[in-house]
Structures are given as structure tokens and as C-alpha cells.
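Notes follow once the structure below has been shown.
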Amino acid sequence: METQPKRSWVVMSLLFAFGAVIASAASPRIGADIYHQYCAVCHGPHGAGDGPVADALRVKPTDLTRLRARNNGKFPELRVLNYIRGDDAVQAHGDRKMPIWGRVFRDESGGHQELVQMRIYAVLKYLEELQAPDSATGQ
């Protein structure tokens, strides 16, 4: 006999996996749209840290096109994911008064965690596409 918590865990796992499949198919467009709506004001239209409010911030926004280059040629997927979700502190975000997008996406989703995961994953994949070629590898 199955217990309710075990069944819920299985359902949530399936929804998360299904959401990742949907997000991976639509990530380029959806991720770009989400990025431009939420991130470009600070990080700039192309991710270089030159958004319209960048000069007004205490700490210059990160150049998101250099994440792979600053991580020995490997895109730091888990670290970026944790920043988007708000699990890791970001120096430029100060005392957390700046919106943490994972929290914002949760509030906007009406409780649909799979939608939150899809949006976060789409932004993550878009940021991976923005990476400047590594001069050593050409990737």
C-alpha cells in the first residue's frame, strides 16, 4: 500500500521532469523573453553587465557572457541555478532587498512549482547560450 507522501513525491518528480523537457524544447525563446523582462535592466540586453541601471548600482552587475570563461571553460550550471533561485547569496544583491527571481517566479506562478522550474531552467539555458567563446577552446 502506497502512502500519500510517497505518491506526492513521485508525482512532483514526474512534473519536474516533464517541465524540464518542455523547457528544453522552448528554452531559447522563453529564456530570452524572461531574461529581457527581468534581468536585462541590470545585466544589459546581451548580458555584458551594462544594463540601463548598472551605473546606479553599488556593485557593477556581472558580465554574464563570461561565466564559462571564468570557470575554466565549463558553464557553472548549478551555481547559476542557485543564484537565479535565490539559494546562494550574490554580493551585488546586497541584503536581499533586490528581487530573487526564484521567489518572484513562485509568487507569479500561483503555486505551480513546475512552471517555476521551467522558467528558471529556460533562463539558465539562455545564459548558457550567451557565453562568449573561450579563446583557448573556441567554444
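Observations on the structure shown:
- The range 28-129 - percent relative contact order, Cα under 8 Å, separation 6 or more: 30
- Projected label distance in nm at residue 79 and residue 36, using a 7 Å step from Cα toward the beta-carbon: 2.9
- Gain in span if fully extended, residue 108 to residue 57, counting 0.36 nm per residue against the direct Cα distance: 15.8 nm
Each reported figure results from applying straightforward, stated rules to the coordinates on display, with no laboratory input. Remember, it's a predicted structure, so these values are computed and weren't measured experimentally. No Cβ is skipped: glycine too gets one built from the backbone with ideal geometry, and neighbour counts run over all protein chains shown.
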